[in-house]
Amino acid sequence: MTTRRIFLRNSALAMVGVGSAPLWLERALYATDAPSPRKKILVAIFQRGAADGLNVVVPHGEKAYYDLRPTISVPRPSAGSGKREDAAIDLDGFFGFHPSLAPLKPLFDQRHLAIVDAVGSPDPTRSHFDAQDYMESGTPGIKATHDGWMNRALPKPAGKVSPVRAVSLGPTLARSMAGPNPAIALQSIAGFQVRNPEAAKQFRDMYLGSKDPLMRAAGQETFEAVSMLESVQSQPYSPAAGAQYPRGRLGDSLRQIAQLIKSDVGMEMAFADVGGWDHHVNELGQKASEGQLAVLLRDYGQALSAFWQDMGDRMSDVVLVTMSEFGRTAHENGNRGTDHGHANCMFVMGGPVKGGKVYGRWPGLEKEQLYEGRDLALTTDFRDVLGELVSHHLGNPTLKSVFPGYNPKPLGLV
């Protein structure tokens, strides 16, 4: 008889909560009511590596920005038309988008996209690992938190929840999604299946025939998820309205999130990440529209724009938020790059969003205004942004349990 170990090795099954069997084995089934197909949905995108918020949302009205970055600043918007290819795209007379974010300007103008600046974690760490952990756990400075803020933020269900209620795009379950509530790690929709029918039968018999009720529940949920995603995959998917997702991790992830949302499978949360934002050397090319940051932002802007276009009126149910573990130094270093900093910027996009505005108090970039004399100072806690989305969009008022020890202050984003 095939053992469980051999089955997992040979069946090419993408399991619920990959790498976290104790988590998904702890789940219990809810009542038998079918989940509502139209849910309020929160999508979180993590930019791993610490994106340079000062070159993403450019404070072109701040003279000190150009003094601090003589070779890697993004030029001011051109006089008049503002169409110079390497210049910032003006937003409000003070802030502007990096030129690679041109696809997002219409969404900002139509008030579907908001920016929060000088935002981030109050913890002073400059360690990528610690800062990411604190932001994904939602408890800055506390390493003992076992679950993630997104798992805690899931509203209490009224009936049986969908097996794909919370989806983490990637090979392992994201830290943000970890916890007792059902969540799955999904490398791809097509890959979440059992390719060996005999192994599938043995796996089903092993778990559904167990005397342990938690084991039976876990097996049932796993096969429900497999069956549901196989059904989604069986329907050819073409993005709507001519939307074109860029090739790469973020574009692929958002395309699959859009597919799951429009398949009405009961998804309420999705998480995706994209790396490569740690630019210590040669952050920009000879022009602002060239170089490492420009390439990343081109994919980022195109992916978010394609997601909006693809989703159409379904965006009335969706809010997407982006974040990075911390920002970069205000002053460029000697290698035409930037080092680990403090405050950053966050993007919030969706139908319910009060966009067309840069939120947050701007602290300035003069030497006496910088955090520790080197970084953009933080004036908005990232939990204020996420807390408002959890309470006002998802409808979960229990923010004390989502962000223990902190009372989020809404900014009026939604």
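The values are calculated or read from the model by the stated rules, or taken from the named source; none is laboratory data. Here the structure is a predicted model, which is why all the values come from computation and not from measurement. No Cβ is skipped: glycine too gets one built from the backbone with ideal geometry, and neighbour counts run over all protein chains shown. Quick note on the areas: whole protein, heavy atoms, side chains included, nothing else; ligands and nucleic acids left out. Shrake-Rupley method; radii C 1.70, N 1.55, O 1.52, S 1.80 Å.
Pairs exceeding 27 Å between alpha-carbon atoms, taken from 39/409; 156/262; 39/143; 143/354; 160/354: 39/143; 143/354; 160/354. Of all aspartates and glutamates in the structure, the ones whose alpha carbon falls short of 16 Å from that of residue 105, not counting any fewer than 8 places away in one chain, are 85, 86, 90, 92, 299.
Sorting 98, 340 by accessible area puts them as 340, 98; the probe is 1.4 Å, largest comes first, and only protein heavy atoms count. In summary, the lysines within cross-link reach of residue 367, defined as a Cα separation below 16 angstrom excluding same-chain residues under 8 places away, comprise 63. In the complete set of protein chains, residue-level accessible area for residue 109 is approximately 90 Å², probe 1.4 angstrom. Take the eigenvalues of the Cα gyration tensor for the stretch 260-414, scale each by 5, and report the square roots as semi-axes in whole Å, largest first. Equivalent ellipsoid of the stretch 260-414: 30, 22, 13 Å, largest first.
Descending by average beta-carbon neighbour count within 10 Å, the peptides 392-403, 64-75, 324-335 line up as 324-335, 64-75, 392-403, the highest first.
Using Cβ point charges alone (K and R +1, D and E -1), the dipole size of the stretch 290-414 about the Cα centre works out to roughly 260 debye.
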